[in-house]
Amino acid sequence: MALLRLNIPGVILYGGSILPGKHNGCDISIQDVFEAVGANARGRMSDAELLDIEDHACPGAGACGGQFTANTMATVMELIGLAPMGTAAVPQVDQRKDEVARRCGRIVMDAVRNDRKARDICTRAAFDNAIAGVAATAGSTNAVLHLLAMAREAEVPLSIDDFDGISARTPVIVDIKPAGHYMAADVDKAGGIGVIAQRLVEGKYVDGSAVTITGRTFAEEAADAKETPGQQVIRPLDRPLKSRGGIAILRGNLAPEGCVIKLAGSDKMVHQGPARVFEREEDAMQAVTQGKIQAGDVLVIRYEGPRGGPGMREMLGVTGAIVGAGLSDSVALVTDGRFSGATHGFMIAHVAPEAFNGGPIAAVQEGDPITVDANRGVLDIGIPPEELAARLSAWKAPAPRYKTGVFAKYCALVSSASEGAVTGR
């Protein structure tokens, strides 16, 4: 965002993913810890096994071990053109990272000499390429917030609905956690993000003529990638994991400005059930771990949005606990907050307008029928319009959680999640 705001030559160098941990001979990550907490709370896992997972999930330095938010955005940076292709997939502790850094140093000096600025690279075509990369890798829902915010700084028109069209036409081709089987380090072993770029060019899911930080085009950079023979992580186009991308945008009387659902981690597309309403994440977490959530329920967690939080805390704790409790296929979660990229299951985030702004989610009552239909792109509360209007007219805004200091300033300035939760300039 800062690079695009200043519009100067610059290169993004990603620190790199953590290597996977090991438990019972299987690769694990921080995702497994949060899910183990839920399993342990429901008596489905012993204390000893939970401790073993905690002790081994994070074996060293590096960012998240799957296609969680950090690696999703590292993928975005290569595909949007700000990070040199072939740099982001190298793990943090790999000795090759030294040469990656030296290469980035050479490239940024070349960009300065040629006055190749950030907004020259981040055009609308480049943003569309990045969104296709999020879709193809079943990436984090946080990419919607980050790309909307970046586009605002770049002065590129981009709306939340643009994500839906691009995701709908782009297949999931990377078998990576949290929805798949492999770890972020396995993408590197398969040949790196450049191989994903090759697939996207081959399928005409991206604009290969977009210019990158090296001065070469997306297609030229992708052509240099070398796929590892026999790799199973990045699928050929004729064998995608899913025919449509990993996220979708829903609207309805519960989310007039839109919201985001992550589809990659679940095969279901429709859920109907009674609302279980919580005013903060901790209360929902307690209900899950104490066995108070039943199959069919729709957890509604509100006042966790940009202003209500404030700041949209990520909810890996409660979403992981739902999976660990064995409820991921039978419940839904709806929130005006956001998720970790490690979240999977039938989870809907960024509901806008948020509850703190008097959005319809503020009017939901315990037991209200909620419908989530990803086939139709709908999130609805099943009460008469006049009843919803009456509840909203009686609603009173809560006092902000912070009345002074930086959080108070943030709460006063921040926009809707549907606009990237930006604070202006």
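The values are calculated or read from the model by the stated rules, or taken from the named source; none is laboratory data. This is a predicted model, so every value here is computed, not measured. Note that we place each Cβ from the backbone using ideal geometry, even for glycine, and neighbour counts take in every protein chain shown. Just the protein is used for accessible areas: all its heavy atoms, side chains included, with ligands, DNA and RNA removed. Shrake-Rupley method; radii C 1.70, N 1.55, O 1.52, S 1.80 Å.
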Item checked: Subset of the stretch 86-100 (residues that are closer than 18 Å to residue 136 by Cα and open to solvent by 30 Å² or more (accessible area, probe 1.4 Å)) -> 86
Notebook entry, point to check: Any idea which residue in the stretch 33-45 is least open to solvent (accessible area, probe 1.4 Å), counting only those that are part of a helix (DSSP H, G or I), under 14 Å from residue 328 (Cα atoms) and not hydrophobic (A, V, I, L, M, F, W, C)?
Noted result: 38
Check: Which members of the stretch 224-251 meet the condition of being touching a residue at least 24 places away in the same chain (Cβ under 8 Å), open to solvent by 70 Å² or more (accessible area, probe 1.4 Å) and either on the phi > 0 side of the Ramachandran plot or more than 21 Å from the chain's Cα centre (by Cα) (or both)?
Finding: 224, 226, 227, 232
Check: Among the numbered criteria (1) open to solvent by 20 Å² or more (accessible area, probe 1.4 Å); (2) in contact (Cβ under 8 Å) with a residue 60 or more places away in the chain, which single criterion is violated by residue 324?
Finding: (1)
Next item on the list: Please specify each residue of the stretch 111-166 satisfying the condition of being open to solvent by 10 Å² or more (accessible area, probe 1.4 Å), of a type in the set (A, V, I, L, M, F, W, C), out of contact with any Cys (no Cβ under 9 Å at 6 or more places or on another chain) and not in a helix (DSSP H, G or I).
Entry: 158
Next item on the list: Using the structure shown, decide if residue 318 is within 23 Å of residue 32 (Cβ to Cβ), in contact with a Leu (Cβ under 9 Å, 6 or more places away or on another chain) and open to solvent by less than 40 Å² (accessible area, probe 1.4 Å).
Entry: yes
Next item on the list: Identify all residues within the stretch 13-28 that are over 12 Å from residue 88 (Cα atoms), touching a strand residue (DSSP E or B) at 6+ places or on another chain (Cβ under 6 Å) and not hydrophobic (A, V, I, L, M, F, W, C); write none if there are none.
Entry: 20, 21
Next item on the list: Check 127, 163 and return the single one that is closer than 14 Å to residue 247 by Cα and modelled with pLDDT of 95 or more.
Entry: 163
Notebook entry, point to check: Would the stretch 76-89 turn up any residue that is in contact with a Ser or Thr (Cβ under 9 Å, 6 or more places away or on another chain) and at positive phi?
Noted result: yes
Note to self: Just to check your reading of the model, which residue among 83, 48 is open to solvent by less than 30 Å² (accessible area, probe 1.4 Å) and not charged (D, E, K, R)?
What the structure shows: 83
Check: Is it the case that residue 345 is in contact with a Gly (Cβ under 6 Å, 6 or more places away or on another chain) and either in contact (Cβ under 8 Å) with a residue 12 or more places away in the chain or buried (at least 24 other Cβ atoms within 10 Å of the Cβ) (or both)?
Finding: yes
Margin query: Can you confirm whether residue 213 is modelled with pLDDT of 95 or more, buried (at least 23 other Cβ atoms within 10 Å of the Cβ) and either touching a Lys or Arg at 6+ places or on another chain (Cβ under 7 Å) or not in a helix (DSSP H, G or I) (or both)?
Written below: yes
Checklist line | Residue identified as assigned to a helix (DSSP H, G or I), closer than 21 Å to residue 417 by Cβ, at pLDDT below 95 and of a type outside the set (S, T, N, Q) among 323, 318 | finding: 318
